[in-house]
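As structure tokens, the structure follows; a few thoughts come after it.
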Amino acid sequence: MKHVLSLLVENHHGVLSRIARLFDGRGYRLESLTTAPADEPGLNRITLVASGPAASIDKAAKQLEKLVDVIEVKVALEAATAE
Amino acid sequence: MKRNGAEMIVESLRREGVDTVFGYPGGAVIPIFDALYHSRDIRVVLARHEQAAVHAADGYARATGKVGVCVATSGPGATNTVTGLATARLDSVPLVCITGQVSRPLIGNDVFQEADTVGITQPVTKHNYLVMSREELGTTLKRSFYIAESGRPGPVVIDIPKDVLLESFDDEYPDSVELRGYKPAGRASAESLAKLADAIGAAGKPLFFIGGGVVMADASAALKKIVESTGIPAVTSLMGIGALDSAHPLNLGMLGMHGDIGANKALCACDLLVGLGVRFDDRAVGDPSRFAPLAKIAHVDIDPTSIGRTMRADIQVVGDLRTVLDDLAGRIGPQPDRAAWIAEAAGYAEYGESVVEAAEARKPKELPTPMQVMKAINAIIPEALIVTEVGQNQMWAAQYLRIEKPRRWLTSGGLGTMGYGFPAALGAQAAKPRDTVVVVAGDGSFQMNIQELATSVQEELPVIVVILNNGYLGMVRQWQELFFDKRYSAVCLDRHGGCPADCSAPKPGCSAHSPDFAAIAAAYGAVGYRASTLRELEETLAAALETRLVCRRPTVIDCKIGREENVWPIVAPGKGNDQMLYEGVPV
């Protein structure tokens, strides 16, 4: 099952590795990840596709929200067919 | 005001009300210790190992509720903090750990004493920072203290390159900080509180399950009020000990793997379990499918990711226990008559006590039993602030000691860190000079940070260490006895060259190759005693009390106990809390 998530983050040191580690530690694989400056200076928009168990994607999203530098998490799409 | 980075750190400590810093110097942090040299209002406690410095800051924080602060140098100094940080993270202890880093132009070159500290400590901290400019140092320090103590507390590492410590800049320490992505939970929603209050009112056999979150939130008074006004009995986790007087008639004790028989029985019978600031950790839960099988589960926690993580939660309340319990009390209406349930729960507790007392009565008493050791500590030092090591000593302390108040029971619950207790006790003693701090230790775990005897003597931190000496790494030996056919592999601390390879029991004539703890204590300038009878233990405890008052020196009491004493009951791994064994027999 693939999950598409969209995150708004502070562009601080280490933010990308924290997010990546969170998926690694839960048995997800990151299929793709893009990061680009958001409209507001100092913020970035990260869009990622992760594949892994469906049951725990909400838990992963909660854990992402808990990260100090993550402002917003949206589970944009969850579908086996999402490419 | 113009200050260099190190001076800004000291300014931050002052502004945050820090009176004690635990640390160990090294090349990269000499500027910090130089700035501290001039600040007479901040006590610097020199540990003898960075791990111990973190545990000491942790003990300071748990005993007071304030943020504990420690300083370590770059490279090995920073890597030595990892176990202490992981300990604090799993038990939600507020810490700020400042590490030195090599100067900015050198980072990434594998220079002397360089390690990727933020990379290494990221998984074991609540948050961490690498400070790459002097301008951002003040804000980063302020943020770190705020993150460490707010919400679910935890350790924060600030890694600061040496040239940032030495660079001067004209700025002031900020009064407040804003963190857009960080919103710790405050009051619980009215809707969730109403649901919980309704469920409590409708329950016939409700039970509170109290965790360390109640202690961290300083919510003990509110908890006591709710327990007494509703008459609902309570069980605690290992971390929840002290949140409610362990001798309170409605406190059934600790649940879980080595919990009280009565607590586990009540858990299996209740129809509503209200978890307050608990994680439903695996040692408490056992087999999740057999956990509180008849109950609806309500879970109150400040951390939304804790709720529903290991156990289903039928009612979820996200909020800070500082306010949740008072808010809940305001919503709880008149309660149904639960005399039958209270009597049933009391019956479980009585049954549990009768099992334990009968077993105790059967034991030979040449050497003090673990229960006798704990009762002696309680009797001679009733107001003790207890800090434990990890293993059998920790479980016996949890089972038999009476802990009346919160923040007087410090133990490494989540990570189970051997070597935590002694240095944590030094931190607690530094924070609470008037309190009598007692370390319940094993002969294994005490040796994991035994070098802190130097700190305790030098800093006049007169803690009393009681070693329950069985010549074994007792908890592992117990598991080998119960689950590995008595193959005592690498657990005997008295072992020597003449021993058979396949030892499965201590024998008469086994020689003692363990160190002489009393002599070690004396060599460091502390006071050391040996006790091998209950009477000797009682006398040496009384003497230790005298020593701490008269000459502020720490005491180590090496108390021999039976070599193959076990911790009972046990819920074997993978089993449910209804499948307890006591001395191998189902209870």
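Consider B:Ile158 carefully, then state whether it is part of a strand (DSSP E or B) and in contact (Cβ under 8 Å) with a residue 40 or more places away in the chain. For B:Ile158, the condition - part of a strand (DSSP E or B) and in contact (Cβ under 8 Å) with a residue 40 or more places away in the chain - is met.
On the stretch given as segment B:123-134, residues that are outside any loop (DSSP other than H, G, I, E, B) and in contact with a strand residue (DSSP E or B) (Cβ under 6 Å, 6 or more places away or on another chain) total 5. From the list B:Ala197, B:Ala234, the one residue that fits, being under 27 Å from B:Tyr400 (Cα atoms) and either buried (at least 19 other Cβ atoms within 10 Å of the Cβ) or aliphatic (A, V, I, L, M) (or both), is B:Ala234. For segment B:281-328, a residue qualifies if it is within 22 Å of the chain's Cα centre (by Cα), within 14 Å of another protein chain (Cβ to nearest Cβ) and assigned to a loop (DSSP other than H, G, I, E, B), and the qualifying residues are B:Ile302, B:Asp303, B:Ile307, B:Arg309, B:Thr310.
For residues that are more than 25 Å from B:Ile302 (Cβ to Cβ) and within 14 Å of chain A (Cβ to nearest Cβ), tally how many sit in segment B:178-202. So the count comes out to 0. Each residue in segment B:97-136 was checked for being within 14 Å of chain A (Cβ to nearest Cβ) and either under 27 Å from B:Glu11 (Cβ atoms) or within 24 Å of the chain's Cα centre (by Cα) (or both), and 20 of them qualify. Do you know which residues across segment B:408-461 are within 20 Å of B:Arg477 (Cα to Cα), open to solvent by less than 10 Å² (accessible area, probe 1.4 Å), of a type outside the set (A, V, I, L, M, F, W, C) and part of a helix (DSSP H, G or I)? Of everything in segment B:408-461, just one residue is within 20 Å of B:Arg477 (Cα to Cα), open to solvent by less than 10 Å² (accessible area, probe 1.4 Å), of a type outside the set (A, V, I, L, M, F, W, C) and part of a helix (DSSP H, G or I), namely B:Ser445. Residue count for segment B:70-89 satisfying the condition of being crowded, with 24+ Cβ neighbours inside 10 Å, part of a helix (DSSP H, G or I) and within 18 Å of the chain's Cα centre (by Cα): 4. In summary, helices (runs of 4 or more DSSP H) completely within segment B:1-69 and bearing 1 or more residues that are under 22 Å from B:Asp218 (Cβ atoms) and within 21 Å of the chain's Cα centre (by Cα) occur at B:50-64.
Looking only at segment B:549-575, residues that are of a type in the set (A, V, I, L, M) and either part of a loop (DSSP other than H, G, I, E, B) or open to solvent by 50 Å² or more (accessible area, probe 1.4 Å) (or both) come to 6 in all. A count restricted to segment B:141-151 and to residues that are within 12 Å of another protein chain (Cβ to nearest Cβ) and crowded, with 23+ Cβ neighbours inside 10 Å stands at 3.
Selection of segment B:273-296 for residues being more than 20 Å from B:Gly414 (Cβ to Cβ) and crowded, with 24+ Cβ neighbours inside 10 Å yields B:Leu273, B:Val274, B:Ala292.
If you go through segment B:151-177 and pick out every residue that is within 19 Å of B:Val131 (Cα to Cα) and under 31 Å from the mean Cα position of the chain (by Cα), you end up with 8. Number of residues in segment B:90-117 that are surrounded by fewer than 21 Cβ atoms within 10 Å (Cβ to Cβ) and either assigned to a helix (DSSP H, G or I) or of a type in the set (Gly, Ala, Ser) (or both): the value is 7.
Quick one: is B:Glu383 open to solvent by 20 Å² or more (accessible area, probe 1.4 Å) and at pLDDT below 95? When the stated conditions are applied, B:Glu383 passes them. Pairs are defined by a Cβ separation below 6 Å, a sequence spacing of at least 6 or placement on different chains, a first member in segment A:56-74 that is more than 7 Å from chain B (Cβ to nearest Cβ), and a second member that is outside any loop (DSSP other than H, G, I, E, B) and among the β-branched types (Val, Ile, Thr); the pairs so defined are A:Ala61/A:Val73; A:Ala61/A:Val75; A:Leu64/A:Val70; A:Leu64/A:Val73; A:Glu65/A:Val73.
If you filter segment B:468-497 down to residues that are over 14 Å from B:Gly444 (Cα atoms) and of a type in the set (Phe, Trp, Tyr), you find that the one that is most open to solvent (accessible area, probe 1.4 Å) is B:Phe484.
Residues that are within 12 Å of chain B (Cβ to nearest Cβ) and either farther than 30 Å from B:Ile158 by Cβ or among the polar types (S, T, N, Q) (or both) were ranked within segment A:1-55; the one that is least open to solvent (accessible area, probe 1.4 Å) is A:Asn44. Within segment B:160-177, is there a residue that is touching a helix residue (DSSP H, G or I) at 6+ places or on another chain (Cβ under 9 Å), within 26 Å of B:Gly108 (Cβ to Cβ) and within 11 Å of chain A (Cβ to nearest Cβ)? No, that holds for no residue. Of all the listed residues (B:Tyr37, B:Tyr24), the sole one being in contact with a strand residue (DSSP E or B) (Cβ under 8 Å, 6 or more places away or on another chain), modelled with pLDDT of 95 or more and open to solvent by 20 Å² or more (accessible area, probe 1.4 Å) is B:Tyr24.
The values are calculated or read from the model by the stated rules, or taken from the named source; none is laboratory data. Being a predicted model, the structure only gives us computed values, none of them experimental. We place every Cβ from the backbone using ideal geometry, glycine too, and count neighbours over all the protein chains shown. For the accessible areas, the whole protein counts, side chains as well, though only heavy atoms, and no ligand, DNA or RNA atoms are used. Shrake-Rupley method; radii C 1.70, N 1.55, O 1.52, S 1.80 Å.
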